[in-house]
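In what follows, a single structure is set out as structure tokens and then discussed.
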Amino acid sequence: MTAEMFPKEKTIDLRKKHIGPSCKVFFSHDPIKIVRAKGQYMYDENGVRYLDCINNVAHVGHSHPMVVKAGAEQMELLNTNSRFLHDNLVQYAQRLQATLPEKLSVCYFVNSGSEANDLALRLAWEYTGHKDVITLDNAYHGHVSSLINISPYKFHQLANAEQSKSVHVALSPDLYRGNYRQDHPDPATAYADDVNNLIQKAHEKGHKVGAFIAESLQSCGGQVIPPAGYFQKVAQHVHQAGGLFIADEVQVGFGRVGTHFWAFQLQGEDFVPDIVTMGKPIGNGHPMSCVVTTREVAEAFKNSGMEYFNTFGGNPVSCAIGLAVLDVIEKEDLQGNALRVGGYLMRLLEQQKEKHPLVGDIRGRGLFVGAELVRDRVKLTPATAEAQDIIYKLKEQHILLSADGPHRNVLKFKPPMCFSEEDADMVVEKIDEILTDIEKALGLQMPSTVHTENGSHKRNVQPEENGCHHSNGIGHSRDTSQQHASQQNKRLRP
């Protein structure tokens, strides 16, 4: 049985005719028609295999047999809404809660990351009675209207759009390109103080903050790893103002960071958000998501007098699939694999940074890694065209990678969690070759290395370079300990 109904040209024509023109495809000048996928590989209509380095939705690998089987078997028995009792719902909620801090104990199941973040805002608004929201610059939280309003990554693209007066945009805690960098004595406090200043300005205008929302690691914003202690300090300011802290784990949860099951845990055991949202990887491609919060917040939402019902959220098939995903993460030690392979990938990319002047920064945790390309390592001139050139040349080599960030110059690695060291070798080898060709065409060379007075190595500064080179941030440390990973895997068991 073939997975292709139409020739590629016919598929393109029908898409142009019947699908909204704002729904874009990858590689628009020559899009790829994918007809099947397995593990970390995708196959086009001609059987050509592509290595998938971008699909954090197929978390445990495309078409994983355990996940497919769980969904099919439950679909043969029953699929209905959550107004009927069913063990899958409560078992899955129990399993999810076991991966989280104890106070995060109440689940609401929905169908997408956008739904989850929209519900999280409703919970915060109802609990606090306040409507203002603080978000981070370059953030993306979803496609529904309430979330476009708090997603600078999106609303900055709108012509003549006015930012909502109830939305306040804080500085992205970027240690490489942001206002406070690695050479700052306390960037966590500096960035948190910016949030506090927004709170005070809102109060002066008679506004009150209901929520601060942040991706635990910014993805569309350019793989940004916030400095340790930042979330704790922000939470303190937000709580003092009567608001709640929402951690958006839609892109980065479920063991992707390697050392921890949830990316917000990178900040330390003393930080616990008030609400956590989950999506993309939760169902390995099946449309499902979840909001987890405290009993106090859930009770306030109930006391509003409005029942909450979601037709498909928490249905038996979705919960069976969610349970299977947790089982695979544990059985195949995918969190441990993210730690090991992610660390290996980071080391390979760091070597490229030493070799290629276009590579300005390497940052990430686990299998969430970014390589920022710059024309000038002091001025940090974004190498946007070069990043796009790399993406298209990799596609010709049957490797799928994307570039993002506010300047579209950050190569993003967020592959299925079964990604291997061999895969990392292949990708970085191709990137090395492409960078060599681009730099040769541009006449770029690495400056020579000299010794400073304290014995450390320093690059000679070229005549046009007269500033300070900012080194990597917290996300660049490579913790090789797997103790956290094994502890988290144990907590997945029923």
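The values are calculated or read from the model by the stated rules, or taken from the named source; none is laboratory data. On a predicted model such as this, the values are computed, not experimentally measured, just so you know. Using ideal geometry, Cβ is built from the backbone for each residue, glycine included, and neighbour counts are taken over all protein chains shown. The area values use the complete protein model at the heavy-atom level, side chains included, leaving out ligands, DNA and RNA. Shrake-Rupley method; radii C 1.70, N 1.55, O 1.52, S 1.80 Å.
If you take every DSSP beta bridge whose two residues both sit in the chain, what share of them, in percent to the nearest 5, is antiparallel? So the antiparallel bridges amount to about 70 percent of the total. Here's the picture: charge each Lys and Arg Cβ at +1 and each Asp and Glu Cβ at -1 in the chain, and of 71, 229, 378 the one pushed furthest to the positive end of that dipole is 71.
Quick one: divide the alpha-carbon radius of gyration of segment 86-237 by 2.2 N^0.38 Å and tell me what you get. Normalised Cα radius of gyration, segment 86-237: 1.12.
Rounded to the nearest 20, the size of the Cβ-charge dipole of the chain about its Cα centre is 620 debye, with Lys and Arg at +1 and Asp and Glu at -1.
Working note: Cα atoms of segment 65-331, range along each principal axis, descending, whole Å: 56, 42, 39.
Would you work out the relative contact order for the chain, in percent, from Cα pairs under 8 angstrom that are 6 or more residues apart? Present the calculation step by step, with values, prior to reporting the outcome.
On the way: 988 pairs, mean separation 100.8, N = 494.
Computed over the chain, the figure is 20 percent.
Among the listed pairs 414/440; 233/412; 24/331; 103/205; 302/331, which are separated by more than 32 Å between their Cα atoms? Checking Cα-Cα distances, 24/331; 103/205; 302/331 exceed 32 Å.
In the frame of its principal axes, the chain has Cα extents of 69, 65, 50 Å, reported largest first.
Under a 1.4 Å probe, what is the accessible area of the chain per residue, stated in Å²? Kindly include the intermediate steps, with their values, before the conclusion.
Working: 22310 Å² over 494 residues.
On a per-residue basis, 45 Å².
For segment 80-143, which whole percent of the accessible surface, found with a 1.4 angstrom probe, sits on carbon and sulfur atoms?
Details: 1360 of 2740 Å².
C and S fraction of accessible area: 49 percent.
Tell me, what is the percent relative contact order of segment 350-425, built from C-alpha pairs under 8 Å that lie six or more residues apart?
Numbers: 113 pairs, mean separation 19.1, N = 76.
It rounds to 25 percent for segment 350-425.
DSSP beta bridges confined to segment 65-331 are antiparallel in about 40 percent of cases. Helix content alone sets the calculated 222 nm mean residue ellipticity of the chain: runs of n ≥ 4 DSSP H residues at -39500 (n - 2.57) each, divided across all residues, give -11500 deg cm²/dmol. Cα-based values for segment 319-461, radius of gyration first and Dmax second, are 17.3, 62 Å.
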